[in-house]
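A.B. asks: What follows is a structure written as structure tokens; I'll ask about it next.
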Amino acid sequence: MFGSAILDVAIGMIFLYLLLSLICSAVNEMIEAWLNNRSNDLEHGVFRLLADSDSQLPTYWGNLWNRLRGALHLREKPAEVHQPTSGLASRLYGHGLVRCLYPNSHNLPAYIPAGTFALALMDLLAPVYGASGATKSSGGMTPSADDFYRAVQNSVMPDEVRQALLTLCQAAGNDAVQIRLNIENWYNSAMERVSGWYKRRTQITILVLGLVVAVFVNADTLAMVKSPWTNSSLRTALANAAAAPGTSVTPKSTLDTLQTLGLPIGWTAAPAPRDSLSLVLAHGLGWLLTAFAVSLGAPFWFDLLNKFVVVRSTVKPQEKSPIEASKD
């Protein structure tokens, strides 16, 4: 029974963290969509890959400020996200293959396929020959591969980009199609770095949101652990809700239901301003623990919940039907 109680409390806490993580993830997705951060990250990644000057690109805080000004109608028209330059990256965004992916300069694409990027870049450096040679393979050095190699040598571009493209051409040997594939792999490697930017920013954002939500709903980890540990009915209700959640149940309704069962979450009355310091001293550590737990993300808690529920389903039948001693 002691081990079962620990298991039920663990499942209940994982379930609560999952609900709070879902709330924070939903808010984070709304913020990302409103700021168009994925488009902004992609543009920064492409400009850095092609060593184009990205001084014209808005930073995260600059983009946030522009969006707030637009929402508050502090300017007459929205500021353009993409301001064309003479660099290779800006020319790539103006290429027909990429230009069709976004309606205007206020809504840039959040994703550019690797094949589209490679064909557009090859066509910019060696018009006609670059694209045609990259779509069919042939034995020996084809004119398209040869022309593309010479175009890279003669085109105006940063030295580091020329060195990278010449290396990719030499690694492809005599195959023009392999040049395109090498450029695609080069682009995909850069996009992994862009994905790293997004993941780090998302983790920080969800950590901040987790702390805000923890204070807003008074989700004190220490209190939430203590209450089901001493209340067997609440502990069972939490574990059962985690093991078989309803498909139409929202996180808010679930938290409201658990609150009626005695879960110490939420505020019974608005705290007075003079009590703020005492509240922080009493619940601050628990709020921080909740925020750090929520920052791990909903997928982490969902996978962990499934594992614990499987363990609980194998333990419970043995408790209900103990093995009888042999009568022989």
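The values are calculated or read from the model by the stated rules, or taken from the named source; none is laboratory data. Please read all numbers here as calculations on a predicted model, not as lab measurements. Cβ coordinates were reconstructed from backbone atoms using ideal geometry, including for glycine residues, and neighbour counts include every protein chain displayed.
A.B. asks: Given the residues I206, I183, which is the only one that is farther than 25 Å from I31 by Cβ, at pLDDT 85 or above and not acidic (D, E)? Step through it out loud before you land on a result.
C.D. replies: Numbers: I206 fails: farther than 25 Å from I31 by Cβ.
Matching residue, one of I206, I183: I183.
A.B. asks: Among the residues of segment 200-216, are any in the same structural domain as L261 (by TED's automatic domain parsing) and of a type in the set (K, R)?
C.D. replies: No, the conditions are met nowhere in segment 200-216.
A.B. asks: Please go through segment 1-31 and give me each residue that is among the charged types (D, E, K, R) and in contact (Cβ under 8 Å) with a residue 60 or more places away in the chain, ordered by number.
C.D. replies: Applying the first criterion (among the charged types (D, E, K, R)) to segment 1-31 yields 8, 29.
D8 - this is the single residue of segment 1-31 that is among the charged types (D, E, K, R) and in contact (Cβ under 8 Å) with a residue 60 or more places away in the chain.
A.B. asks: So, one more: In segment 108-160, which residues are buried (at least 16 other Cβ atoms within 10 Å of the Cβ), assigned to a helix (DSSP H, G or I) and modelled with pLDDT under 80?
C.D. replies: Y129, G130, A131, S132, G133, S144, A145, D146, D147
Rundown of residues vs (1) charged (D, E, K, R); (2) at pLDDT 85 or above; (3) over 16 Å from R91 (Cα atoms), yes/no style:
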{"site": "G3", "(1), (2), (3)": "no, no, yes"}
{"site": "F15", "(1), (2), (3)": "no, yes, yes"}
{"site": "L19", "(1), (2), (3)": "no, yes, yes"}
{"site": "E32", "(1), (2), (3)": "yes, yes, yes"}
{"site": "S39", "(1), (2), (3)": "no, yes, yes"}
{"site": "S53", "(1), (2), (3)": "no, no, no"}
{"site": "L57", "(1), (2), (3)": "no, no, no"}
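A.B. asks: Residues in segment 168-177: is at least one farther than 21 Å from A114 by Cβ and in contact with a helix residue (DSSP H, G or I) (Cβ under 7 Å, 6 or more places away or on another chain)?
C.D. replies: Within segment 168-177, the subset farther than 21 Å from A114 by Cβ is 174.
Now drop any that are not in contact with a helix residue (DSSP H, G or I) (Cβ under 7 Å, 6 or more places away or on another chain), which leaves 174.
Yes: segment 168-177 contains one or more residues that are farther than 21 Å from A114 by Cβ and in contact with a helix residue (DSSP H, G or I) (Cβ under 7 Å, 6 or more places away or on another chain).
A.B. asks: Checking the condition farther than 23 Å from A89 by Cβ and surrounded by 15 or more Cβ atoms within 10 Å (Cβ to Cβ), which residue from T230, T257, T205 passes? Can you show your working first?
C.D. replies: On the way: T230 fails: surrounded by 15 or more Cβ atoms within 10 Å (Cβ to Cβ); T257 fails: surrounded by 15 or more Cβ atoms within 10 Å (Cβ to Cβ).
Sole residue among the options that is farther than 23 Å from A89 by Cβ and surrounded by 15 or more Cβ atoms within 10 Å (Cβ to Cβ): T205.
A.B. asks: Pick from segment 293-310 the residues that are part of a helix (DSSP H, G or I) and out of contact with any helix residue (DSSP H, G or I) (no Cβ under 7 Å at 6 or more places or on another chain): which of them is modelled with the lowest pLDDT?
C.D. replies: First, the residues of segment 293-310 that are part of a helix (DSSP H, G or I): 293-294, 298-310.
Add one more test, that the residue is out of contact with any helix residue (DSSP H, G or I) (no Cβ under 7 Å at 6 or more places or on another chain), and what stays is 299-300, 303, 306-307, 310.
On the way: P299: 92, F300: 94, D303: 93, N306: 89, K307: 89, V310: 83.
Taking the candidates together, the pick is V310.
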